[in-house]
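Peer 1: One structure, as structure tokens, below. Some questions next.
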Amino acid sequence: MKNILKTTVFAFLLIALGSCTNDKEPIPTANGFELKDASTTPPPTVLLQANDALVYNNMVWDRADNGVAAASTYEVIISDHDKDPNYVNPVTYTGIGLALAPETTCTLTIKEFNTLINQLPTYNCGVMNIDIRVKSTVGKVVGNAFIQYSNPITVAVTGYSTNLPLLGFVKDGATPAAAPQIAASRFDKFNDYEGYMYLEAGSYKFYQPDACGSFAAPIIYGGAGGILVQGGTTSIVIDKAGDYQVKADLTTGALKYSVKSIKAFGVFGLGVRNNPGSANAVPMTDEGNKNSWKITIELFKGRKFKFKSNDWIGDLVGTPASVPPGATTTLVSILGSSTTPNVLTEVTGTAGDITVPGTNDGTKQKYDLAIDVSKARNYTYTVTLNPN
């Protein structure tokens with residue numbers, strides 16, 4: 001019996017000892033991996049939009065040696081070699097050019113690479129030295145993943161800006177960079193600049209900065225009667241201080257502009273009132289001339305509304321402002337919802353309706369409405385239930 005007991009105890013000790021010697025996880029180690037440029041021709045040093053679809057470069061790399069039998073996930077990242085040598089603010093490529101089987105490769109088009117460098121916080125319109133690396137990651141737990149990087153491939157390149165083109169509407173004698181601005185709808189359009197601004201009485205010209213927004217060497221446009229002249233010395237006269245919608249078209253051979261007075265933005269539609277009169281806007285208030293318009297108003301639940309900018313003949317009176325009886329109205333623009341939540345865009349017809357929360361049962365609720373049109377082509381709105 002004693003021998004059986006001794007044998008049993010000894011067996012348990014062996015099991016315990018075996019357990020203690022096998023509970024240690026293998027530890028990853030950074031043994032490196034190499035990134036190579038496998039392009040058959042050197043990548044271009046100047047990126048052109050006309051060549052967007054062409055290949056910028058083709059890269060290949062060895063699978064990362066992490067010292068353990070665990071597969072890596074890979075990301076291609078870029079950073080500013082001169083301004084961000086420790087790649088604190090990298091940009092990650094997520095396009096279809098990344099392939100992990102049967103080989104680890106990445107093919108970037110000119111458009112893709114240009115988009116990446118435009119996303120760098122230090123992007124500029126001159127020559128930039130860009131580091132391209134591959135990031136290898138083992139594990140998915142934040143703070144506990146094992147990461148190593150390939151060697152960098154450094155390229156010198158001049159990209160083209162994808163920022164929206166801007167025009168400053170500059171009062172004579174003022175600083176162009178501090179002037180209110182209008183913007184085009186896309187980085188490659190120059191015929192639909194628009195914006196809303198408060199203007200003092202005075203004489204103005206349009207100033208066109210470079211693609212990165214610098215006014216160091218602007219192109220200046222003067223004009224009169226809706227016609228612009230590049231290099232023109234005639235200023236556009238604003239007779240009365242107030243809110244305005246400003247537009248410009250820089251189409252070669254057809255330069256033109258418009259400056260329209262706005263008494264107020266207002267809210268209108270069946271969410272505001274029953275027909276007839278659903279098209280009549282209820283004026284909003286812009287405190288401090290900041291182009292941030294607000295109103296507290298009762299809206300019909302489940303019905304629709306939009307915003308419009310008007311120029312009423314005659315001053316708006318009262319607080320909040322109201323339209324004088326029989327006042328003639330000139331419509332300037334209608335702003336409605338876009339495909340991006342809480343972002344407004346200029347619309348026509350039935351497009352852009354904003355729906356009041358709730359079921360359309362004929363009852364109303366009080367809301368605080370606000371729109372901000374102070375940033376050209378970045379118009380936003382909020383609809384907040386007022387509990388009072």
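A short reminder: the numbers here are calculations on the coordinates, not readings from a lab. Because the structure is predicted, anything quoted here is derived from the model rather than measured. A quick note on method: Cβ atoms are made from the backbone with ideal geometry, for glycine too, and the neighbour counts reach across all protein chains shown.
Peer 1: Under 13 Å between alpha carbons, and skipping anything fewer than 8 positions from K375 in its own chain: which aspartates and glutamates qualify?
Peer 2: E194
Peer 1: Sticking with this one: What does the charge add up to near D172, with Lys and Arg as +1, Asp and Glu as -1, over the other residues with Cβ less than 13 Å from its Cβ?
Peer 2: Here the charged neighbours net out to +1.
Peer 1: Mean-square fluctuation check for the chain, GNM, Cα pairs under 10 Å: which of T105, T162, T359 is largest?
Peer 2: Result: T359 has the largest fluctuation of those listed.
Peer 1: Related question: Do you know the relative contact order of the range 139-289, to the nearest whole percent, from alpha carbon pairs under 8 angstrom that are 6+ apart?
Peer 2: 17
Peer 1: Something else now. List, in order, the whole-Hz ³J(HN,Hα) value for each residue of the range 288-298 obtained from phi through the Karplus relation with A = 6.51, B = -1.76, C = 1.60 and θ = phi - 60°; use x for Gly and Pro.
Peer 2: Each residue's phi maps through the Karplus curve to give x, 6, 9, 6, 10, 9, 9, 7, 9, 8, 7 Hz.
Peer 1: Work through the residues other than N386 whose Cβ is under 14 Å from its Cβ and net out their charges, Lys, Arg +1 and Asp, Glu -1.
Peer 2: +2
Peer 1: With the cut-off at 30 Å, tell me which of the pairs K83/K205; K247/K304; K171/K308; K111/K135; K256/K308; K83/K111 have Cα atoms farther apart than that.
Peer 2: From the list (K83/K205; K247/K304; K171/K308; K111/K135; K256/K308; K83/K111), the Cα-Cα distance tops 30 Å for K83/K205.
Peer 1: Could you point to the label whose value was computed as mean projected area of the Cα convex hull in nm² for the structure here, given (1) 22.7; (2) 34.1; (3) 23.7?
Peer 2: So the structure-derived entry is (2).
Peer 1: Now for a separate question. What aspartates and glutamates sit close enough to K263 to cross-link, taking a C-alpha to C-alpha distance under 17 Å and skipping anything fewer than 8 places away on the same chain?
Peer 2: E200, D239, D243, D286, E287, D311, D315, D372
Peer 1: Name the long-range amide H neighbours of L270: under 5 Å, sequence gap of 5 or more, or other chain; modelled H, no Pro or chain starts.
Peer 2: K304
Peer 1: With springs only between Cα atoms under 10 Å apart, run a GNM on the chain and tell me which of G195, G288, G223 wobbles the most.
Peer 2: Comparing G195, G288, G223 in a Gaussian network model of the chain, the most mobile one is G288.
Peer 1: Quote to one decimal, in nm, the extra length available between S278 and D239 on full extension: 0.36 nm per residue of separation minus the C-alpha distance between them.
Peer 2: Result for the pair: 10.7 nm of gain on full extension.
Peer 1: At 7 Å along the Cα-to-beta-carbon direction for both A70 and N360, put a label point, then send me their distance in nm to one decimal.
Peer 2: 5.6
Peer 1: Report the local net charge at A370: Lys and Arg +1, Asp and Glu -1, summed over other residues whose C-beta lies under 13 Å from its C-beta.
Peer 2: Net charge around A370: -2.
Peer 1: By per-residue mean of other Cβ atoms within 10 Å, what is the highest-first order of 302-308, 37-43?
Peer 2: My ranking of the peptides, most packed first, is 302-308, 37-43.
Peer 1: Further question: Take the alpha-carbon centre of the range 109-182, take the same for the range 199-249, and report the distance between them in whole Å.
Peer 2: Value for the Cα centre distance between the two parts: 29 Å.
Peer 1: Going by how many other beta carbons lie within 10 Å of each one, how would you line up C212, C106, C125, fewest first?
Peer 2: Arranged by neighbour count, lowest to highest, C212, C106, C125 become C212, C125, C106.
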